[in-house]
Amino acid sequence: MVKETFWKGKNVFITGHTGFKGAWLSLWLSALGAKVTGYALNPPTEPGLFEICNVSKLVNSNIADVRDSKQLIDVMCAERPEIVIHMAAQPLVRASYNNPVETYGINVMGTVNMFEAVRKSKTVRVVINVTSDKCYENKEWLWGYRENEPMGGYDPYSNSKACSELITASYRNSFFNRNNYAAHGVAVASVRAGNVIGGGDWAADRLIPDCVSAFSKGEKIIIRNPKAVRPWQHVLEPLCGYLMLAHKMYDDGLSYAEGWNFGPDSDDAKPVEWVVRELCEKWGNNASYELDKGEHPHEEGCLMLDCSKAKNRLGWYPRWNLEKTIDKVIEWTRAYKENREMTDVCLRQIQEYRN
């Protein structure tokens, strides 16, 4: 599990700290006593978890673009991090159809710029590049993909994440090769998570935020691709994996510098319609849905991850099943609607997860 004694005082650099996953990770690391530097554009949504929880008061927040190589190098070298977690991304499939150039610019060149900053740094020991389960060449298998499966990606988002994986492998081989580890001392890994959900996500064209938004207004949710199967998991699940992996890499970089999957157990890879039906039932208040029969851009039909490696070698495993995860989303949302102190709500959920 995540050890507070390791993280206390560690200097951590997070790109994408203003996003949904980045804000949750910043809260968790701050609670562990880490010194966190964030580097990202302004929060992508309004409202957003970053602002609701005043994350800017907990971290050294730099509002900047990963496509600006010089500024990224300057900030990283000035802050002297030991651990870099690269999360900055254009994270949406449908948005990638509308803005493919921007998607590749952020997800591909942003990754290159991050690695170039690491090369200039004299202090970094661990780099974790956060990609996606969609980086795999999807054959619509009914079993999970393993870390050694081929990269691919149909849409620009998925393909850009596959490109980011290839960039990671290239930099690891070319500049941070394990045969020269004693000289450079940098361990590089990539991590692929499932469809993360949790409180504080307002991104457009995401199933859970769209449902919560509609239900909060007393509206019916319209869903597309009801039979699409996804590896749903609470946002804290992969974040826990990233933190455990970073600790292992810090202590033994040679053994863990590779690709890793962090997804739910196979029982929690459910169709979209199952998730929506469960949300409606748990939300109550006559929450309902209907199917959108219109035409939509291609999205994968079935996608699952095999996380045997993380379970066996890291001791990581999912702690909250999908029903518990949906409960936590609803709990968070209702607390927000009641104007509760949301930083405390997040920290309580983190502590509950850790326990």
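The values are calculated or read from the model by the stated rules, or taken from the named source; none is laboratory data. All values derive from a computational prediction rather than experimental measurement. Here the Cβ positions follow ideal geometry from the backbone for every residue, glycine too, while neighbour counts run over all protein chains shown.
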Determine, yes or no, whether ALA257 is at pLDDT 95 or above and not basic (Lys, Arg).
yes
Of the residues THR103, THR131, which single one is farther than 22 Å from GLN233 by Cα, crowded, with 24+ Cβ neighbours inside 10 Å, modelled with pLDDT of 95 or more and in contact with a helix residue (DSSP H, G or I) (Cβ under 6 Å, 6 or more places away or on another chain)?
THR103
Please count how many residues of region 232-254 are assigned to a helix (DSSP H, G or I) and modelled with pLDDT of 95 or more.
16
Residue in region 311-331 that is under 30 Å from TYR97 (Cα atoms) and surrounded by fewer than 21 Cβ atoms within 10 Å (Cβ to Cβ) present
no
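So that you can scan it fast, the table gives a plain yes or no per residue for (1) in contact (Cβ under 8 Å) with a residue 40 or more places away in the chain; (2) more than 19 Å from VAL126 (Cα to Cα):
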| site | (1), (2) |
| --- | --- |
| PHE6 | yes, no |
| ASN60 | no, yes |
| ASP74 | no, no |
| VAL93 | yes, yes |
| ASN113 | yes, no |
Selection within region 106-128 - small (Gly, Ala, Ser) and under 21 Å from LEU239 (Cβ atoms)
GLY110
Out of everything in region 213-229 that is under 24 Å from the mean Cα position of the chain (by Cα) and not in a helix (DSSP H, G or I), what residue ends up being surrounded by the most Cβ atoms within 10 Å (Cβ to Cβ)?
ILE223
Residue pairs qualifying under the 6 Å Cβ cut-off, at least six apart or on distinct chains, with the first in region 172-183 being under 11 Å from PHE115 (Cα atoms) and the second being part of a helix (DSSP H, G or I) and among the hydrophobic types (A, V, I, L, M, F, W, C), are none
Residue within region 131-148 that is among the basic types (Lys, Arg), within 20 Å of the chain's Cα centre (by Cα) and more than 24 Å from PHE176 (Cα to Cα) present:
yes
Looking only at region 45-80, count every residue that is surrounded by 21 or more Cβ atoms within 10 Å (Cβ to Cβ), closer than 22 Å to MET109 by Cα and within 20 Å of the chain's Cα centre (by Cα) and tell me the total.
1
Would you check if VAL345 is surrounded by 14 or more Cβ atoms within 10 Å (Cβ to Cβ) and closer than 22 Å to PRO231 by Cβ?
no
Filter region 109-126 down to the residues that are charged (D, E, K, R) and part of a loop (DSSP other than H, G, I, E, B) and list them by number.
LYS122, ARG125
